[in-house]
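Here the structure is laid out as structure tokens; the discussion comes afterwards.
The values are calculated or read from the model by the stated rules, or taken from the named source; none is laboratory data. In this text, all values refer to a predicted model and were calculated from it rather than measured experimentally. Positions of Cβ are generated from backbone atoms using ideal geometry, with glycine treated the same way; all protein chains shown enter the neighbour counts. Surface areas here come from the heavy atoms of the whole protein model, side chains and all, with no ligands, DNA or RNA. Shrake-Rupley method; radii C 1.70, N 1.55, O 1.52, S 1.80 Å.
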Amino acid sequence: MVLLPKLLGGVDRFESEPRYGNEHRWVCFISDWLKGNTLRELIENSPDEITPALFVQVAENLITAILVMQEKGYKHDDLYLGNLMIQEANATLAAINPLRAIRRLRVIDLGSMKPFDRATAKKDDDWSLTAKCLAELHNV
């Protein structure tokens, strides 16, 4: 459910970027390219695709993803509909077995991920952000 990076590394800041006395390198995540839409895009451009079945799938997948992150000691810390992507079904699998070709929820944008026990200034945690995402999706 969480799209884990293939590579993780550091890169130097762009020359044009303000430094503010901070010379730290950027952390860079590289992952597979996903074809699909975020839930925000789906709501804005194709609300008819938001079905009860999709809602249930998103709820189950999102709760599982949060539990997996917590089990590994992390929190996403920026869950909203723009960071939840519906990955299109695999065309190769669909040609072989249509029952195996399903769209999948992917939690993307891991730039705010941090250790689970690290305090943040944000008022919402992953669980309350999940409730807000599901409420908005349900209301469509």
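Some observations on this one:
- When you restrict to C-alpha pairs under 8 Å that are six or more residues apart and normalise by the size of segment 49-132, the relative contact order lands at 37 percent.
- GNM result for the chain, Cα springs below 10 Å: residue of PRO98, PRO47, PRO18 fluctuating most strongly: PRO18
- ARG118 accessible area, assembled protein chains, probe 1.4 Å, Å²: 130 Å²
- Counting only DSSP H runs of at least 4 residues, each contributing -39500 (n - 2.57), and dividing by the residue count of the chain, the helix-based mean residue ellipticity at 222 nm comes to -10500 deg cm²/dmol.
- Degrees, to the nearest 10: 126-139 long Cα axis against longest axis of the chain: 40 degrees
- Choice from ILE43, ILE102, ILE66 showing the highest fluctuation, given a GNM over the chain with Cα pairs closer than 10 Å: ILE102
- All lysines inside 16 Å of LYS132 as judged from Cα atoms, apart from same-chain residues fewer than 8 positions distant: LYS122, LYS123
- The mean accessible area for residues of the chain, using a 1.4 Å probe and ignoring ligands and nucleic acids, is 67 Å² per residue.
- Under-5 Å amide H pairs with ILE102, H placed in peptide plane, nonlocal only: ASN90
- Between the Cα long axis of helix 52-71 and the first principal axis of the chain there is an angle of about 40°, rounded to the nearest 10.
- Working from Cα pairs under 8 Å separated by at least six residues, relative contact order for the chain is 28 percent.
- Legend: translational diffusion of segment 43-123 by Stokes-Einstein, Rh = Kirkwood radius over C-alpha pairs, 37 °C, 0.692 mPa s; D = 226 µm²/s.
- Put GLU44, GLU49 in order of accessible area, highest first, and with a 1.4 Å probe you get GLU44, GLU49.
- Distance (nanometres) between label positions extended 7 Å along Cα→Cβ at LEU67 and ILE102: 1.5 nm
- Accessible surface ranking for SER31, SER16, 1.4 angstrom probe, highest first: SER16, SER31.
- Accessible surface of the chain, 1.4 Å probe, proportion on carbon and sulfur as whole %: 57 percent
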